[in-house]
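As structure tokens, the structure follows; a few thoughts come after it.
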Amino acid sequence: MRTADDRRSNLFHFVMIKPSHYDDDGYPIQWVRSAIPSNTLACLNALAEDVRRRDVLGSDVEIRLHTYDETNRRVRPDRIIKLIRKQGGRALIGLVGVQSNQFPRSVDLARPFLDAGLPVCIGGFHVSGCIAMLPELPADIKAAQDMGISFFAGECEEGRLDDVLKDAWNGALRPLYNYMDKLPALTGEPPPFLPRKHVQRTSGSLSSIDLGRGCPYQCSFCTIINVQGRKSRFRTPDDLERIVRENYAQGIKRFFITDDNFARNRDWEILFDRLIHLRDTEFPKLGFTIQVDTLCHKIPNFIEKAAQAGVRRVFIGLENINPDNLIAAKKRQNKITEYREMLQKWRDHGAITYAGYILGFPADTKESIIRDIEIIKRELPLDILEFFYLTPLPGSEDHKVLSQKGIWMDPDMNKYDLNHRVSRHSKMSDEEWEDAYRAAWSAFYTPDHVRTILRRSAACKIGRPGTTLSTILWFYLMILFEGVHPLEGGAFRLKFRRDRRSGMKIESPLLFYPRYAWETLKKVRGYLRIYRQLNVILKETLAAPDRWTYSDIAIAPPKEDEFEQLSLYHATAGGEAALARKRRDDAIRTGHLAEIPHASVSEIVQPVPAK
Ligand code: B12
Ligand code: SF4
């Protein structure tokens with residue numbers, strides 16, 4: 001018979017922590033409710049559950065799993081250490097899905113565990129991206145390695161987590177697990193899953209899943225293709241059904257599908273077909289958010305099936321409307337001449353559209369940025385526009401090129417959240433670029449334009465003006481009052497005095513608490529002011545006598561002469577060239593090449609960039 005001591009010594013704790021990162025004052029960005037559960041944490045948790053089920057450490061070893069998402073709960077290393085000491089056994093502290101901006105926080109979190117003699121392993125995009133693209137490890141990773149932290153690069157499906165946990169159990173964790181040379185298949189791997197306690201700490205009945213990894217394109221600012229590859233790897237419809245069933249059983253009906261480009265998931269159709277079947281037969285309330293590219297509407301039936309499968313929100317990598325900028329970023333697949341048709345089609349199918357827009361491409365100036373935003377407002381039926389600084393993220397080609405050339409990049413990884421400027425622009429001064437970033441948010445989210453967005457939504461039979469307004473509020477309030485990017489936002493900001501970034505002074509309680517209370521009060525007042533203002537606009541929109549007949553350039557069906565009329569195609573030199581290319585392509589397709597005016601011939605003979 002096993003004694004209590006035997007049981008204690010045969011215990012293994014795998015602690016998985018998804019870290020946050022620091023705000024400008026050095027406090028971790030945390031909320032009472034964060035937006036959405038972490039998919040990486042769900043993936044790791046499911047893989048670890050599978051290790052436990054298979055008794056990988058031996059049938060007499062009990063594996064205990066502990067999951068923490070620091071964006072919605074305070075992580076107290078001292079308490080975790082105490083718990084492990086109390087329960088006994090060995091442990092591995094895993095810092096999971098660590099992005100570059102989260103690396104400094106991860107190292108701070110690792111310190112007390114290392115001091116207590118507990119091994120720590122960091123995985124995620126910072127480590128994988130640096131190993132994929134740089135000739136040697138950067139200084140921050142080397143310094144962390146010197147502290148005794150171990151690293152995992154690559155993905156840990158196909159039994160790779162087994163090796164890490166076995167080594168940790170045997171007290172022989174290696175300094176680096178490098179699996180970058182082989183991308184695992186996802187078929188049959190345990191699908192991501194998190195216990196309900198995590199979902200309760202987020203915005204509601206929403207969870208996240210990845211159905212595929214990899215993207216065929218080559219955008220120079222992208223890290224994904226260099227870490228997860230350019231070949232589509234995907235889960236099966238059976239895996240998808242299992243995820244839906246397991247989650248539905250705990251009340252989760254809506255999912256964010258985290259694939260960077262679901263339109264390029266080779267199996268999109270059979271996955272949508274399974275969802276359509278599940279919605280028609282058992283789960284009518286299923287709803288999804290997906291990320292796609294700007295050519296998704298060209299895939300026969302893609303948008304139609306997406307709508308039937310319950311896709312209600314779509315993130316689109318629009319990035320820019322100036323083709324010169326898109327070509328500079330190797331985002332050649334984005335054709336501005338397709339934007340209107342694509343967005344109108346999503347609108348006709350009841351989806352709320354979000355577009356990412358990058359500021360700081362070579363052709364940008366503050367004036368051109370503001371001009372382009374005004375064109376978007378007038379001519380593109382977009383619900384949400386979110387801005388990002390062009391950022392050389394470790395793992396991207398841009399980062400590699402700047403490092404090779406020794407060009408300045410901010411050494412503080414904490415700032416690599418796309419909401420801070422971390423490099424220099426060739427035309428704009430640092431101040432101008434920062435000013436342009438702030439001005440872009442203010443230019444898009446004016447009360448007048450919010451009214452226009454709501455009017456467009458209210459005029460559509462399957463539009464959802466109320467939901468559109470809540471989404472607009474979420475995005476704008478985060479920027480206006482919280483100083484964080486909406487994608488890192490949440491409800492009710494938490495700050496803990498003692499959790500300040502290492503190297504920054506712990507503030508006196510007499511200073512910290514009154515300031516925190518005052519900031520919170522000011523924010524609540526600001527939130528209410530904007531909420532009331534925009535809610536009046538919503539009510540007026542819904543009551544407007546011309547609600548159903550409202551139309552404007554953005555939502556009007558495409559006209560024959562729109563390519564001559566719209567600023568989208570004429571404000572930039574690149575726009576004219578894109579139009580000329582479109583005319584040439586159309587002419588070739590319809591066999592009317594000879595009818596193209598001579599004026600455009602010089603543009604036509606420009607080489608068409610290869611995909
Ligand atoms: C989903 C997602 C989000 C969601 C996160 C919530 C959610 N539901 O998961 C949202 C929209 C909130 C988000 C926000 C941001 N994101 Co994001 N996001 C992603 C995305 C698309 C998928 C993440 C994912 O689930 N991947 C799948 C998992 C399984 O892969 P993984 O994280 O690499 O984990 C595997 C391995 O690394 C390894 N592993 C990981 N940890 C560990 C630990 C141990 C111990 C071991 C053994 C192994 C291991 O095993 C895992 C399984 O194979 C990625 C791109 C991508 N394709 O991954 C970007 C990505 C991670 N995000 C990125 C960025 C920059 C951000 C933001 C800072 C910027 C922004 N404003 O958008 C914010 C930060 C917010 C935050 N607090 O996290 C970058 C990070 C790049 C970098 N070098 O840092 C990425 C790569 C996209 C990009 N633009 O290049 N994001
Ligand atoms: S389309 Fe998106 S995921 Fe694909 S390479 Fe470009 S930025 Fe990366």
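Some observations on this one:
- For the chain, calculated [θ]222 nm from helices alone, where every DSSP H run of n ≥ 4 adds -39500 (n - 2.57): -13000 deg cm²/dmol
- Calculated accessible area for the chain comes out at 43 Å² per residue, all protein chains present (probe 1.4 Å; ligands, DNA, RNA ignored).
- Between residue 242 and residue 281, the distance separating the two model label sites (each 7 Å from Cα on the Cα→Cβ line) works out to 1.8 nm.
- Difference of contour (0.36 nm per residue) and Cα-Cα distance, residue 196 to residue 519: 113.1 nm
- FRET efficiency estimate (nearest 0.05) - Cβ-Cβ, residue 137 to residue 170, R0 22 angstrom: 0.30
- Segment residue 341-residue 561, extension gain: residue separation times 0.36 nm, minus the distance between their alpha carbons: 77.7 nm
- Of the solvent-accessible surface of the chain, computed with a 1.4 Å probe and all protein chains present, 54% belongs to carbon and sulfur.
- Segment 102-119-segment 410-453 distance, computed between alpha-carbon centres (Å): 33 Å
- Among 206-217, 244-255, the order from most to least packed when residues are scored by Cβ within 10 Å on average: 206-217, 244-255
- Set 82/523; 427/505; 86/197; 166/505; 18/82 screened for pairs whose C-alpha atoms are more than 29 Å apart: 82/523; 427/505; 166/505
- The chain: angle of helix 237-248 to the longest principal axis, Cα-based, in degrees nearest 10: 70 degrees
- Nearest-0.05 FRET efficiency for residue 378 and residue 111, computed from C-beta distance (R0 60 Å): 0.70
- Prolate/oblate/rounded call for segment 443-593, Cα gyration tensor, a/c under 1.5 rounded: oblate
- Three-way shape label, segment 184-250, alpha-carbon gyration tensor, a/c 1.5: oblate
- The angle between the Cα long axis of helix 268-281 and the main principal axis of the chain comes to about 80°, on a 0 to 90 degree scale.
- Shown here for segment 343-448: chymotrypsin sites (Phe, Trp or Tyr not before Pro) in loop regions (DSSP other than H, G, I, E, B) with at most 13 other Cβ atoms within 10 Å, namely 408.
- Taking the centroid of alpha carbons for each part, segment 223-259 and segment 134-165 are 25 Å apart.
- Within segment 309-352: backbone nitrogen closer than 20 Å to the residue 33 label point (7 Å, Cα to C-beta): 312-313
- Cleavage-rule hits (trypsin sites (Lys or Arg not before Pro)) in segment 154-189: DSSP loop, at most 13 neighbouring Cβ within 10 angstrom: 182
- Computed from the Cβ-Cβ distance with R0 of 30 Å, the FRET efficiency linking residue 542 to residue 370 stands at 0.45.
- Other residues with beta-carbon under 11 Å from the beta-carbon of residue 511 carry, at +1 per Lys or Arg and -1 per Asp or Glu, a net charge of +2.
- Simple spin-label estimate for residue 158 and residue 586 gives 4.7 nm between the two label positions (7 Å along the Cα-to-Cβ direction from each Cα).
- Using θ = phi - 60° in the Karplus curve 6.51 cos²θ - 1.76 cosθ + 1.60, the 3J(HN,Hα) couplings for segment 383-392 round to 8, 10, 10, 10, 9, 9, 6, 4, 10, x Hz; x is entered for Gly and Pro.
- Computed from point charges on the beta carbon alone (+1 for Lys and Arg, -1 for Asp and Glu), the dipole magnitude for the chain about its Cα centre is near 1980 Debye.
- Cα gyration tensor category, rounded, prolate or oblate, for segment 371-457 with a/c compared to 1.5: prolate
- Extension gain from residue 531 to residue 50, taking 0.36 nm per residue of separation minus the Cα-Cα distance: 168.6 nm
- Sparse-neighbourhood loop sites, trypsin sites (Lys or Arg not before Pro) in segment 281-380 - DSSP loop, at most 13 other Cβ within 10 angstrom: 285
- Antiparallel beta bridges, as assigned by DSSP with both residues in the chain, represent about 15 percent of the total such bridges.
- Order of exposure, largest accessible area first, which applies to 56, 15 with probe 1.4 Å: 56, 15
- Of the cross-linked pairs 182/330; 285/461; 330/405; 253/522, those separated by over 31 Å at the C-alpha level are 253/522.
- Segment 131-284 pair-distance distribution - Cα-Cα, 10 Å bins, rounded %: 9, 30, 32, 22, 6, 1
- One way to sum up the overall shape of the chain is the equivalent ellipsoid from its Cα gyration tensor, whose semi-axes run 42, 27, 26 Å, largest first.
- Rounded tilt (10° steps) of 77-87 against the dominant C-alpha axis of the chain: 40 degrees
The values are calculated or read from the model by the stated rules, or taken from the named source; none is laboratory data. In this text the structure is predicted, and so the values were computed from the model without any measurement. Quick reminder, even Gly has a Cβ in these numbers, built from the backbone with ideal geometry, and neighbours come from all protein chains shown. Areas reflect the complete protein model, heavy atoms only, side chains present, ligands, DNA and RNA absent. Shrake-Rupley method; radii C 1.70, N 1.55, O 1.52, S 1.80 Å.
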